[in-house]
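Everything on this sheet refers to the single structure shown next.
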Amino acid sequence: MEAAKSVEAHESGDNLEVEYLRALRIVERLHRQLLDVIKDELDRHGRGDVNSVQALLIFNIGDDELTAGELRTRGHYLGSNVSYNLKKLVDSGYIHHERSREDRRAVRVKLTESGCAVRDLLEKLFSRHMKSLEPVAQLDAATLAESNNALMRMERFWDDHIRFRL
C-alpha cells in the first residue's frame, strides 16, 4: 500500500512539473502570438508606423489619462522600455502628453484622434475574436474564467516569489 502511495505521489509530482513547464511555454507563446495577430491586423490596415507592442499600449490606455508609472503598475504595459514607446507614440502623433498639475515630475498621457483610431481597430479585432471563440475554439466564458483564475494565481505566486524572495 505504501509503495502505491509513493508511486502516486511521484507521478503527481512529475505531472506538476510537466504541466508547470508546459504552462510557461504556452504563456510565452501566447504573448508572442498576440503581438503577431495585432501586427497582422495593423498591416492589413496600412498602419506600418506603429508596432504591435505600441498598439497594445494604445489599446490599454483607452480613454484614460495615465502616467507611465500607472501603465506599469496597472499591468497595462509588459515591455521594459515604456518611456521609449511612449516617446515614439508622442512623436508619431498617437499620444498627447503633458506634465501633471499635481506632480510636475510626472507626465500624463492620453490618446490623440490617431491613437483612438488604433484603439478602435484593436477593439474591432478583439470583438471579432469574441464572436468566434466559442464556435471555432470551443472556449466559453466559464472555461475562460477558469483559465483566467489559474493564470491570476500563477501571477500572484510569481509576485510573491519576487516580493518575499521565495
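Observations
- Full extension of the segment from PHE157 to VAL37, taken as 0.36 nm per residue of separation minus the current Cα-Cα distance, would add 40.3 nm.
- In this entry, segment 45-87 is assigned a mean projected area of 3.2 nm², taken as a quarter of its C-alpha convex hull surface.
- Under the span-like rule (Cα at least 15 Å along the axis, Kyte-Doolittle mean at least -1.0), DSSP H helices of the chain: 2-44, 113-137, 141-164
- For GLU65, distant residues with modelled amide H under 5 Å away: none
- Nonlocal amide H pairs with ARG108, under 5 Å, H built at 1.01 Å: GLU98, ARG99, SER100
- For the chain, the equivalent ellipsoid derived from the Cα gyration tensor has semi-axes of 38, 22, 13 Å, listed largest first.
- Square roots of 5 times each gyration tensor eigenvalue, C-alpha, segment 80-149, largest first, Å: 35, 16, 10
Any read-out appearing in this document is the output of simple, stated calculations on the displayed coordinates, not a laboratory observation. Computed from a predicted model, the values in this text were never measured in an experiment.
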